[in-house]
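Reading through the structure tokens given below for one structure.
Read the figures in this text as sums done on the coordinates, not as results from a lab. All figures in this text were calculated on a predicted structure; none of them were measured in a lab. So basically every Cβ, Gly included, is an ideal-geometry build from the backbone, and we count neighbours across all protein chains shown.
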Amino acid sequence: MAQHLSIRIPWKDNGYSGLVCDKPCYNNACLRLRNISDNKDDEFEETLKGSPIAGHEHEIPCVSEGGVFMSAKQHSRINIHPYKESNPATHGHFRETELLYPPYSLPARPFAWTMLRKGNDREDQNIRRLADRYNIDYDPAREPELSFTTNWIQDSVNQRAIFKTFYEDVTPNQSLVIAYAKQVPFIDDSKRVVMGIGFVKSVTKPPEHKHTNDGTLRSILWETMIGHSIRNVRKDGFLLPYGDMMKYAETHPDFDIRSVTVFAEDEYFDEFSYATEHLSYDAVISVLLQTLKALEIIKECIPGNWQDCIDWTNQRLMEVWQDRGSFPGLGSMLCAVGFKFGIVLANEIKRIINNSVAFEEYVAQVLQSPENYFSADIANSIGRTEQGSFFALSGDRKSLFWLLSRLSLSVEQANALFNTEYRQKAKIDCSDKEIIENPYLLYERTRMCADELKMAVRKVDMAVFPPKELRDLYPLAAPTALDSENDERRIRAIAISVLENQAESGHTVYPQNKLIIDINELPIEPGCLVSSDIFKSIQGFLSEELMPVECADGTIAYQLSRLAQIDDIIRRSVNK
């Protein structure tokens, strides 16, 4: 079971081989990274433009952000603990520490896992939540008493425990690493942009901050160096050729560069945030499918071994699907039922199970006798109450548990969707039976919820339509199973998704012909191919969520029913 990673990098105008940008003053995209915006010296970089960074690593802040990750040469920076000068009483004993950036490596820093609080958390709720879910050996008593407020874990033992868990399943030659940028100069959008994809080749632990014996606090640097397989020859990973495509667009004014841009979709935004993060299988599949579509266009525009990249990406897609399996949400669902270490349990089950056994029966067997399968501390965490709750599931409750287990969902989503009290609190208006009869309601009825509870239509689609081998191994039963790729339940949900995206851009009424083309060209597998005749044949089912509008020229457009209701209210108010 390989854990895939996202790692943030800055935009550079001449690649990542170890050179200062050709036009440092014009590279505003890199300023989205605070470290660069706070420390970049444009005038100094102008004196070195296009020259090697080596020897000037301390003056060029993009080095610490992954700006030389394609360099064949080693780089180094001298790091000073950020609290040394401002808080000498607790951090003054730390000394300068050299950090090496090996050739072809990315600095990984999982900020979200080293934060005490996130969002509306109080005190250290974030790290305690992670510790509970992943069985991290975090002890708040190890943290020093400070005279100032910080949101970061300070103690080296706690830090090492966090990093041990974070990188535990990052497996060389199996785990993928996806490099992304927060901003690029050719896209006016807040979406993350995928820059390159390759295998993890090595994981180098960070060093401890050097220190004198004047203080007791010990702390480590956070940069774990991830060696990768991305090379310019594009044999075992590749960068997307955005620079070349920008030049192509200059001579082809009708070319839309967005057509070859691979984005981190909105539903995976958090997985492409906080500098370094775990990627779900669904997030990786989404990126790979988009990459395939982009490469098919790229190979028609510029020379290169792009077919090799297509073949490589297809192979990775197959591997990720196999690793994902049919039940990626089991861990979150076990948490929703009440198991403290549900995610750990699911990961252990996945390691020991083989595809020749019935999955549901095997899970039941393991949870019935956990002492035969898990370590003592994990087995002892399973109480009779949790076991009783799981084995008491029957009828629609049991069917819903296993249906939701097929989705890549968070613990919060699992809790809100499975436990009726929280479903009602979140105003998700559907019953167990309705979800079982139409799994796409998971998207339709959560799309207006808080972001952390929204279930993307693509996630539902991946649960319903995994590759044929997985569908045959664990087929969906009636009434959940779809009768075809163009089942009306699927068409409606995807159409709603397209219209919601258009509404965000200000198009509250959208022509049917454009809607059909947008659906047919989505990078999903299998494709959803619709026509005006198909729309007409399922109009009654669509009308629950989509309203047809006849335009002045006689053509048909569609509007979301929720927006049509708002328009009616406004119209009646104006006419009073």
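Taking a ≥ b ≥ c as the square roots of the Cα gyration tensor eigenvalues, with a/c under 1.5 meaning rounded and otherwise prolate when a/b beats b/c, else oblate, which class fits the range 1-129?
It is prolate, given that a/c is not under 1.5 and a/b is the larger ratio.
To check you understand DSSP bridge types, tell me what percent of the beta bridges within the chain (both residues inside) are antiparallel, rounded to 5.
The answer is about 90 percent antiparallel.
State, as an integer percentage, the relative contact order of the range 172-297 based on alpha-carbon contacts under 8 Å between residues 6 or more apart.
Normalised by residue count, the contact order of the range 172-297 is 22 percent.
Sorting check: for 139-147, 393-401, 238-246, 544-552, which peptide has the highest mean count of neighbouring beta carbons within 10 Å, and how do the rest follow?
238-246, 393-401, 544-552, 139-147
Between [x] 0.97; [y] 1.04; [z] 1.13, which matches Cα Rg over 2.2 N^0.38 Å calculated for the structure shown?
[y]
Quick one: which of 333-345, 298-310 comes out on top by average Cβ neighbours within 10 Å, and what's the full order, highest first?
Ranked by mean Cβ neighbours within 10 Å, highest first: 333-345, 298-310.
List the chymotrypsin sites (Phe, Trp or Tyr not before Pro) within the range 134-187 that fall in a DSSP loop (any state other than H, G, I, E or B) and whose Cβ has at most 11 other Cβ atoms within 10 Å.
Here the chymotrypsin sites (Phe, Trp or Tyr not before Pro) that fit, given the DSSP loop and packing criteria, are 148.
Can you tell me which lysines have their Cα less than 16 Å from the Cα of residue 182? Leave out same-chain residues fewer than eight positions away.
12, 191
For the range 47-106, what class follows from the C-alpha gyration tensor (a ≥ b ≥ c being the square roots of its eigenvalues): rounded when a/c is under 1.5, otherwise prolate if a/b is larger than b/c, else oblate?
It is prolate, given that a/c is not under 1.5 and a/b is the larger ratio.
Normalised by the residues of the range 295-356, what does the relative contact order come to in percent, with Cα pairs under 8 Å and at least six apart?
It rounds to 18 percent for the range 295-356.
Just check the range 143-265 against the gyration tensor rule for me: Cα atoms, a ≥ b ≥ c as the square roots of the eigenvalues, rounded for a/c under 1.5, and otherwise prolate or oblate depending on whether a/b exceeds b/c.
Judged from the Cα gyration tensor, the range 143-265 comes out prolate (a/c at least 1.5, a/b above b/c).
Percent relative contact order of the chain, based on C-alpha pairs within less than 8 angstrom and at least six residues apart?
11 percent.
How large is ³J(HN,Hα), in whole Hz, for each residue of the range 186-196 in order, when computed from phi with the Karplus curve 6.51 cos²θ - 1.76 cosθ + 1.60 and θ = phi - 60°, using x for Gly and Pro?
9, 10, 9, 7, 8, 5, 6, 10, 6, 9, x
Alpha carbon centre of the range 242-258 versus the range 343-420: separation in Å?
Each part's Cα centre sits 50 Å from the other's.
Under a point spin-label approximation (7 Å from Cα along Cα-to-Cβ), what is the residue 477-residue 247 distance to one decimal in nm?
Rounded to a tenth, the inter-label distance reads 6.0 nm.
Just how far, in whole angstrom, is the range 479-509 from the range 94-134 if you go by their alpha carbon centroids?
Between the Cα centres of the range 94-134 and the range 479-509 lies a distance of 38 Å.
Quick one: which of 499-507, 446-454 comes out on top by average Cβ neighbours within 10 Å, and what's the full order, highest first?
Highest-to-lowest ranking by the protection proxy: 446-454, 499-507.
How big is the range 488-575 in terms of Cα radius of gyration and Dmax, in angstroms?
Cα-based Rg and Dmax for the range 488-575 come out at 13.3, 47 Å.
List every DSSP H helix in the chain whose Cα atoms extend 20 Å or more along the helix's own long axis and whose mean Kyte-Doolittle hydropathy is at least -0.5.
281-298, 488-504, 561-575
Once amide H atoms are placed 1.01 Å from N in the peptide plane, what residues at a sequence separation of 5 or more from residue 201, or on another chain, have their amide H within under 5 Å of its amide H?
173, 227, 228, 229
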